[in-house]
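One structure is given here, and the rest of the page talks about it.
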Amino acid sequence: MIKQEMAVRSEQPSLRSLGALMAEVTKTANTEELAHMLLLINEVYADSACRCEEKGVAYGEDSEEVIACDRNVGRTQRELLDIYRTLIERLKGGAVG
């Protein structure tokens with residue numbers, strides 16, 4: 001019987017994309033562009049979190065791969081929260097429109 005290994009994608013490409021998107025969110029004042037960026041950020045963040053779940057199934061929840069993935073995604077989540085807080089303050093101040 002041929003042993004088939006499960007191919008588990010890394011969360012890193014999604015996290016790199018998130019970094020680029022987060023940088024752009026802080027630069028735009030266009031409401032339509034901002035809304036699309038936020039939607040894309042949510043989709044890419046969800047993708048990166050799914051990679052951790054897939055790694056958990058493939059390698060075990062306590063594996064080094066899963067621990068590192070969770071740490072990377074958690075760090076990005078904190079960065080996203082900071083950006084969302086800043087964005088909310090901008091919205092309250094009328095800087096986006």
Under 7 Å between Cβ atoms, at least 6 apart or on separate chains: pull out the pairs that start in the stretch 71-97 with a residue that is under 17 Å from Leu34 (Cα atoms) and end on any residue that is basic (Lys, Arg) and modelled with pLDDT of 95 or more.
-> none
Tabulated pairs, the stretch 16-29, first farther than 15 Å from Arg78 by Cα and touching a residue at least 60 places away in the same chain (Cβ under 8 Å), second aliphatic (A, V, I, L, M) and surrounded by fewer than 13 Cβ atoms within 10 Å (Cβ to Cβ), C-beta under 9 angstrom, 6+ apart or interchain = Ala29/Ala95
Ala23 in a loop (DSSP other than H, G, I, E, B) and not β-branched (Val, Ile, Thr) = no
Give the residue, chosen from Ala58, Ala46, Ala29, Ala68, that is in a helix (DSSP H, G or I), surrounded by fewer than 12 Cβ atoms within 10 Å (Cβ to Cβ) and small (Gly, Ala, Ser).
-> Ala46
In this structure, is Gly94 part of a loop (DSSP other than H, G, I, E, B) and small (Gly, Ala, Ser)?
-> yes
Filter result (of a type outside the set (A, V, I, L, M), under 22 Å from Cys52 (Cα atoms) and surrounded by 12 or more Cβ atoms within 10 Å (Cβ to Cβ)) within the stretch 75-95 = Thr76, Gln77, Glu79
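The values are calculated or read from the model by the stated rules, or taken from the named source; none is laboratory data. None of these values were measured; they are calculated from a predicted model. No Cβ is skipped: glycine too gets one built from the backbone with ideal geometry, and neighbour counts run over all protein chains shown.
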